[in-house]
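Here's the structure we're looking at; comments come further down.
The values are calculated or read from the model by the stated rules, or taken from the named source; none is laboratory data. Source: prediction; values computed, not measured. Cβ: placed from backbone, ideal geometry, glycine included. Neighbour counts: every protein chain shown. We work out accessible area using only protein heavy atoms, side chains counted, and drop any ligands, DNA or RNA first. Shrake-Rupley method; radii C 1.70, N 1.55, O 1.52, S 1.80 Å.
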Amino acid sequence: SFVSFRRAHWLRVIGRLSPGASLASANASLQGVVRRLQTEYPGTNTRMGAGITPMHEWVVGDTRRPLLVLLSAPAVLLLIACANVGNLLLVHALSRSRDVSLRFALGATRGRVAGQALTESLVLSTLGGAAGFALGWIGSRALLALQPPGMLPIAEISIDVRVLLFAIAITTISALGFGMAPALMATG
């Protein structure tokens, strides 16, 4: 019965490295224990081994690359949306050439006309950013509500100040980046 108990090689152990210990030194110590067990119990441990895997790597596994691809999808969508809105703003700037010519004739400066075009772009970008932030907040709440039982706890998923600041930064950068061409076209 003791021999059959020694065949329980399906166990997984979770441990914490002591401060200052490296993964390589812990693995070397573990391999020493494995070799000692192989010599003491050749009937049950000859072909058995052990290894150390960091907890994060064991839980997450090979999902890093697919998650990065999944995270890049919103960036590509943002670029497509900004390019489309930028094209619409360019067409709008071209259609307002009479208005801009009249403003120049009345003494408006290039900076004032470009500022108006940038303000329009910033307003559109702010409305889009606010709508995206609201949809993200609603979507995160929906994901938490639809989480199947038995999955890893994802209750700490939330939209906090860092996400809000990131959304504001992306909104401002996209408004300035994609609104600059229509502003220059309007004053050209």
Of all residues in the range 6-64, which are in contact (Cβ under 8 Å) with a residue 12 or more places away in the chain, surrounded by 11 or more Cβ atoms within 10 Å (Cβ to Cβ), in a loop (DSSP other than H, G, I, E, B) and of a type outside the set (Lys, Arg)? His9, Tyr41, Met48, Gly49, Ala50, Ile52
Counting only residues that are more than 30 Å from Leu67 (Cβ to Cβ) and aromatic (Phe, Trp, Tyr), the range 9-57 contains a total of 1
Looking at the range 109-128, can you tell me whether even one residue there is assigned to a loop (DSSP other than H, G, I, E, B) and either at pLDDT 85 or above or within 18 Å of Leu184 (Cβ to Cβ) (or both)? yes
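To keep it simple, each residue is scored yes or no on (1) farther than 27 Å from Phe178 by Cα; (2) among the polar types (S, T, N, Q); (3) open to solvent by 90 Å² or more (accessible area, probe 1.4 Å).
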| site | (1), (2), (3) |
| --- | --- |
| Leu94 | no, no, yes |
| Arg112 | no, no, yes |
| Gly136 | no, no, no |
| Ala142 | yes, no, no |
